[in-house]
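Student: Before I ask anything, here is the structure I am working with.
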Amino acid sequence: MGKILVTGGLGFIGSHTVVELLEKGEEVLVADNLSNSSMDVLEGIKKITGKNSDFVNVDLADFEKSRTIFESNEIDSIIHFAASKAVGESVEKPLLYYRNNLNSMINMLELSREFKVGKFVFSSSCTVYGEPDQLPVSEQTPVKKAESPYGNTKQIGEEIIIDFVKSHPKLKAISLRYFNPIGAHDTALIGELPLGVPANLVPYITQTAAGIRESLSVFGGDYNTPDGTCIRDYIHVVDLANAHIIALDHCDRMEESYDYFNVGTGSGTSVLEVINSFEKVSDQKLNYEIKDRRPGDVEKTYADTTKANSILGWKAERDLDNMMATAWKWQQTL
Ligand code: UD1
């Protein structure tokens, strides 16, 4: 048995996936350029699992350097997380996003062919659906024109895989379209590490409660939703991590070379419901104010997870309170 290469394996979702893989006895090689992570994460992974994962510090957009990984390791499968992911930054620096996200993807596919890698799982996003016309969002929901260069790299990434496997059908590939991943490992030894001021809701909430931020701005209280705030499908990062492992197994059973799945809980939660859950599990009041809408925000989106439930046999297990409790426990270690 060869190794599983986890690119971006020290990132938020990557690190939780590495833990689940090691705990299942898999051999893992983590590749990460530390652009949005740190070596402490590797320590956290080791403390949780009691196991060492091989690690290589590499920029996967560099083909020759990436090639050396495959020369010195027998890689069976790739889980490809490595990518820049800040929506706002992608609008300011579009070429950086196209260069990082697409070059690394192309390199991983090229090397998959050369070194006979059999399985490939790609981090895609619900952002490919934009503001959906119908809810819940199933895989049949048409993909909309991306709102940001970041979103576009996810759409193009999926298209590159589709075209590539037509020419190289031995590779079995799956895109997982994540909804909103939050929470942290139960041990609080790994979690989300936002750079600077968090753009995403849950790290902003936990940093506000920890006194790092003064007050949370709730972006918009006048949406066409029951309490006026936006609705998302928040999913625990450990549930999401497990979806990757199940997807890798599923590659062995696939007849076609490519498939794609929504990964969410299937239920929609408003910003105020997230805050209420946080206040309940942390037993404190959160300082927040309803402010103007954030440009570009989708009003409501949540997943139809029937396809992942029935074909992968995967289902999210953790509820919102668990997501908020683990996110808060993690924040208190920082
Ligand atoms: C965004 C991206 C998504 C990306 C995800 C994780 C879009 C359309 N989607 O999701 O592709 O995968 O981030 O990086 O850009 N909110 C507040 N106050 C805050 C922060 C957020 O009220 O300080 C609200 C937002 O208006 C939204 C919800 O919380 O309704 C979730 O926001 P966020 O965590 O940023 O995720 P998305 O925008 O859904």
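Student: Residue-wise, which Karplus ³J(HN,Hα) couplings in Hz belong to segment 299-314, taking 6.51 cos²θ - 1.76 cosθ + 1.60, θ = phi - 60°, and x for glycine or proline?
Tutor: Rounded to whole hertz, the list is 5, 8, 8, 7, 8, 8, 9, 4, 5, 5, 4, 7, 8, 7, x, 10.
Student: For the chain, what proportion of DSSP beta bridges, expressed in % and rounded to the nearest 5, is antiparallel?
Tutor: The answer is about 5 percent antiparallel.
Student: Right, something else. Which cross-chain or sequence-distant (5 or more) residues have an amide H under 5 Å from the amide H of residue 125, H modelled 1.01 Å from N in plane?
Tutor: Correct list: 178.
Student: So what is the accessible area of the chain per residue, in Å², with the probe set to 1.4 Å?
Tutor: Using a 1.4 Å probe on heavy atoms only, each residue of the chain averages 45 Å².
Student: Which whole-Hz couplings ³J(HN,Hα) result when phi for each residue of segment 28-42 is put into the Karplus expression 6.51 cos²θ - 1.76 cosθ + 1.60, θ = phi - 60°, listed in order with x for Gly and Pro?
Tutor: Result, ordered by residue: 10, 10, 8, 10, 7, 9, 6, 5, 9, 7, 8, 5, 4, 5, 4 Hz.
Student: For a label point 7 angstrom out from the Cα of residue 40 toward its Cβ, which stretches of segment 301-334 have the backbone nitrogen within less than 17 Å?
Tutor: Zone members listed by number: 327-334.
Student: What residue among 232, 253, 293 has the largest mean-square fluctuation in a Gaussian network model of the chain, using Cα springs under 10 Å?
Tutor: 253
Student: Another question, then. Per DSSP helix of 4 or more residues, -39500 (n - 2.57); summed, then divided by the residues of the chain. What does that give at 222 nm, rounded to the nearest 500?
Tutor: Result for the chain: -11000 deg cm²/dmol, rounded to the nearest 500.
Student: Quick one: net charge around residue 255, please, counting Lys, Arg +1 and Asp, Glu -1 for every other residue with C-beta under 14 Å from its C-beta.
Tutor: Within the 14 Å Cβ shell, the charges total 0.
Student: If you don't mind, another one. Using a Gaussian network model of the chain with C-alpha springs under 10 Å, which one of 165, 263, 128 is most mobile by mean-square fluctuation?
Tutor: 165
Student: For the chain, just say rounded, prolate or oblate: build the C-alpha gyration tensor, square-root its eigenvalues into a ≥ b ≥ c, call rounded for a/c under 1.5, and beyond that prolate if a/b exceeds b/c, oblate if not.
Tutor: prolate
Student: Right, next: Would you mind checking segment 74-114 for residues with the amide N under 15 Å from a putative spin-label position 7 Å along Cα→C-beta of residue 168?
Tutor: Inside the label zone: 75-80, 103-114.
Student: Still on this structure, I have one more. On the accessible surface of the chain, probed at 1.4 Å, how many percent belong to carbon and sulfur atoms?
Tutor: Carbon and sulfur atoms account for 48 percent of the accessible area of the chain.
Student: Another question about this same structure. Multiplying the sequence separation of residue 249 and residue 72 by 0.36 nm and subtracting their Cα-Cα distance, what value in nm do you get?
Tutor: Once the chain is fully extended between residue 249 and residue 72, it gains 61.3 nm.
Student: Amide H of residue 300: which non-local residues (sequence gap of 5 or more, or other chain) have their own amide H closer than 5 Å, using H built in the peptide plane?
Tutor: Excluding prolines and chain starts, which carry no amide H, the hits are 231.
Student: How much length would be gained if the chain were fully extended between residue 99 and residue 293, taking 0.36 nm per residue of separation minus their Cα-Cα distance, in nm to one decimal?
Tutor: Gain on stretching residue 99 to residue 293: 66.8 nm.
Student: In whole Hz, what ³J(HN,Hα) sequence does segment 247-256 give by Karplus (6.51, -1.76, 1.60; θ = phi - 60°), x for Gly and Pro?
Tutor: 5, 4, 4, 4, 3, 5, 9, 6, 8, 6
Student: Now a separate question. Cα to Cα, under 24 Å, and not fewer than 8 places away if on the same chain: which lysines meet these conditions relative to residue 291?
Tutor: 280, 300
Student: So, one more: Run the reach check for residue 65 against lysines, Cα to Cα strictly under 25 Å, same-chain hits fewer than 8 apart removed. What comes back?
Tutor: 3, 85, 93, 116, 119, 154, 170, 172
The values are calculated or read from the model by the stated rules, or taken from the named source; none is laboratory data. These numbers come from a predicted model, not from an experiment. All Cβ positions, glycine included, derive from the backbone under ideal geometry; neighbour counts span all protein chains shown. These area figures cover heavy atoms from the full protein model, side chains too; ligands, DNA and RNA do not enter into them. Shrake-Rupley method; radii C 1.70, N 1.55, O 1.52, S 1.80 Å.
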